Amino acid sequence: MVSLRDALAAAVGHHRAGRLDRAEALYHSILRAVPDQPDALHLLGVLDGQDGRQGLALRRLRLAVAARPDDADTLNDLALTLRAAGQAGRAAGALGRALRLEPALPQAAYNLGNLLRDGGDPEGAVGWYRQALAHRADYPEAWNNLGMVLSALGRTREAADAFAEALARRPEDADLRINRANALDAVGGTAAAARLRRQALTLAPAGADVLHNLAVRLLGEAGMDRPVVAGRPLDHRKLARGLGWLRRALIVRRDHAAAGDALIGAALKLLQAGLADDALVEAAARAAPQALARDSQDTRAAAMIAYRFYRRGRADRGARWMRRVARRFTAGEAAADFELRTWSLIRPDRDFLDRLPGIDALLDGFPPLESVFDPPPGEGPLIAVSCDDVYFRRFVGDLLDSIETAGGGEAVHVHVVNPSAETEADLAVWRARLPLGFSRERVTVERWDAHRRATYYACIRFIRWHQLLDRHRRPLVHVDADCTLLADLGGFAEGMRGADAGLLRDGRGRGPTREITVCFAWFQPTPDGRRFLALTAAAIADALRRGDGWWMLDQAAPFCVLDALAAQGEAPVLRWFDWMDFPWIRFIGDK
């Protein structure tokens, strides 16, 4: 007959070897013979916890503690199970009791350190890790976690030393090399850090954590840890390598959260700067479902899926998708989120033109256009600029100077929202120097915030340009107030023959609200040219009327109108120009 001791030893042997089914059967056999046997209760409770049966594990471990209340090891395992069940306070109590019974129990001190770390008390965690190490110096997990909390506290030199101690005890661990490399980087040991990362990659060439860490470091060195703006170049070699490591990490572990988040963040940042190729957008979009499974309100991940639709020529599907995501938010939250707000400007249905009210029916919702004086009659192009009084005072004088200097004789029309008496007097003076027209409107904006004002000033001009094109029946050349003319437009006008409109395009695939840059646009008085401008004006007016007017509506509206017209086979004849290489006008800033 097998003794209780032999049965327990056999069960423990199976347990340690990972043969959990056989271990469980033996523990149950022991408990049928001796129902309150504390070792069997204790170890079966641990096995239940390993199998995810937390409730059963807690009951058995509590019975084990009741049967042997002075056993610190059982209390330590009870604490681990309580922590896994989300009962941090009770776990701390069990660990405290274990340490009172056996102050030199290193695993209890280590586990209490982990509990304090997770509870937001890194200073407290440091003390317990050090106590664990005082009783067991050969404890690489405690050295590593000590290094992590010291890093979080900004004590990176001490952290680097702690990681070195861990690495000395577990030299084959690639993650420890990465942790020490990060700490050394923070104290200026970049050469040693680079060596450690190379060693980590050699030890774990397919380790997702190692690949992610290498990628993040390379992306930082490439300049991705700062805003990506014009005039601040990136190291494209390191950028490509860093993005490559992230993709490899996700091949190794598709659900690697940190690598997925890093790839999505980098792709979105590069896309907005016009530096994301289609392959990067596709890779980030493939990582997005995992990110959304972790957080259904991750709008960065959702936006990458939308931008993939856009890159494939279906921005309408991207807009439809983002509207589904927006339902997870309150109206206020959606309005405050950049991507949700931006994508709300894109129409999710290509047949929306069939339901769009005509522009003339929408004009009653806006202040009347007051014509102060018309430009001289003619058939040549009419340069049109619209702004508020502040922008007029700041920029328009330079624009008019440049038109006069170019010497092409083009007529100009200036529209000002709420012009001051000084501005009106200046325009009367300019009328003597240029063939000039002037219109105005009066609108109460004092209670509007800055965003609403800027959006209105940017958008109202297309409604006014529809009215002017309809009235004057001559080519209308829209320019931003802060532009300056570099050459007369005579040659340009020749190139527009046979077209209905001329538009600037940003061909870098930055998104549907940035593809058409409306710092310049040429509208011909052809039937299709007039229709295109009228539909664009109506789309803008309808959005403003519904309260859906956000910044960049003036660029979203022509994109949506053209997309819908193309789907119907009714697109106007367009001349496209590259806004980054447009020799007739100097633009200020990015668009």
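Mean residue ellipticity, 222 nm, helices only, the chain: the sum of -39500 (n - 2.57) across DSSP H runs of n ≥ 4, divided by residue count and rounded to 500, is -19000 deg cm²/dmol.
Spin-label model, R90/A258: points 7 Å from Cα along the beta carbon direction are separated by 3.2 nm. Taking 0.36 nm per residue of separation and subtracting the current Cα-Cα distance, fully stretching the chain between R394 and D374 would add 4.9 nm. Shown here for the stretch 505-574: trypsin sites (Lys or Arg not before Pro) in loop regions (DSSP other than H, G, I, E, B) with at most 14 other Cβ atoms within 10 Å, namely R546.
Once the chain from A566 to T444 is taken as fully extended at 0.36 nm per residue, the excess over their C-alpha distance is 40.1 nm.
Applying the criteria of a DSSP loop state and at most 16 other Cβ atoms within 10 Å to the chymotrypsin sites (Phe, Trp or Tyr not before Pro) of the stretch 262-355 yields F329.
The simple spin-label model puts a point 7 Å past each Cα toward its Cβ; for R294 and L31 those points are separated by 3.7 nm.
Protection proxy ranking for 128-134, 474-480, using the average of other Cβ atoms within 10 Å per residue and placing the highest first: 474-480, 128-134.
Rolling a 1.4 angstrom probe over the chain with all protein chains present gives an accessible area of which 51% lies on carbon and sulfur atoms. If you plug the beta carbon distance of T202 and D21 into 1/(1 + (r/R0)^6) with R0 = 35 Å, you get a FRET efficiency near 0.40. Computed log10 I(q)/I(0) for the stretch 407-451 at 0.16, 0.17, 0.31 Å⁻¹: -0.53, -0.58, -1.15, from the Debye equation with unit scatterers placed on every C-alpha and solvent omitted. The ellipsoid equivalent to the alpha-carbon distribution of the stretch 430-570 has semi-axes of 23, 21, 15 angstrom, derived from the gyration tensor eigenvalues as √(5λ) and listed largest first.
Computed on protein heavy atoms with a 1.4 Å probe, the accessible areas place D161, D563 in the order D161, D563, largest first. Between A10 and V187, the contour length at 0.36 nm per residue exceeds the Cα-Cα span by 58.6 nm. Packing here is the average count of other Cβ atoms within 10 Å per residue, and on that basis the peptides 82-89, 285-292, highest first, run 285-292, 82-89. Taking all protein chains into account, the per residue accessible area for the chain stands at 45 Å² (1.4 Å probe). Three semi-axes describe the equivalent ellipsoid of the stretch 208-345; taken as square roots of 5 times the Cα gyration tensor eigenvalues and ordered largest first, they are 25, 17, 13 Å. Counting every C-alpha pair in the stretch 539-583, the share spaced more than 15 angstrom apart comes to 57%. Please give the Cα centre distance for the stretch 161-237 versus the stretch 52-99, rounded to the nearest Å. The distance from the Cα centre of the stretch 161-237 to that of the stretch 52-99 comes to 38 Å. Among 458-471, 16-29, 293-306, 47-60, the peptide with the highest mean count of other Cβ atoms within 10 Å heads the list, and the full ranking is 458-471, 293-306, 47-60, 16-29. Measuring between their Cα centroids, the stretch 251-330 and the stretch 511-569 lie 26 Å from each other. Seen against the Cα atoms of the chain and their longest principal axis, helix 397-406 is set at about 60 degrees.
Taking only the C-alpha atoms of the stretch 4-137, the Rg (one decimal) and the largest Cα-Cα distance, Dmax (whole number), read 15.4, 48 Å.
The values are calculated or read from the model by the stated rules, or taken from the named source; none is laboratory data. In this text the structure is predicted, and so the values were computed from the model without any measurement. Note that we place each Cβ from the backbone using ideal geometry, even for glycine, and neighbour counts take in every protein chain shown. SASA here: full protein model, heavy atoms, side chains in, ligands and nucleic acids out. Shrake-Rupley method; radii C 1.70, N 1.55, O 1.52, S 1.80 Å.
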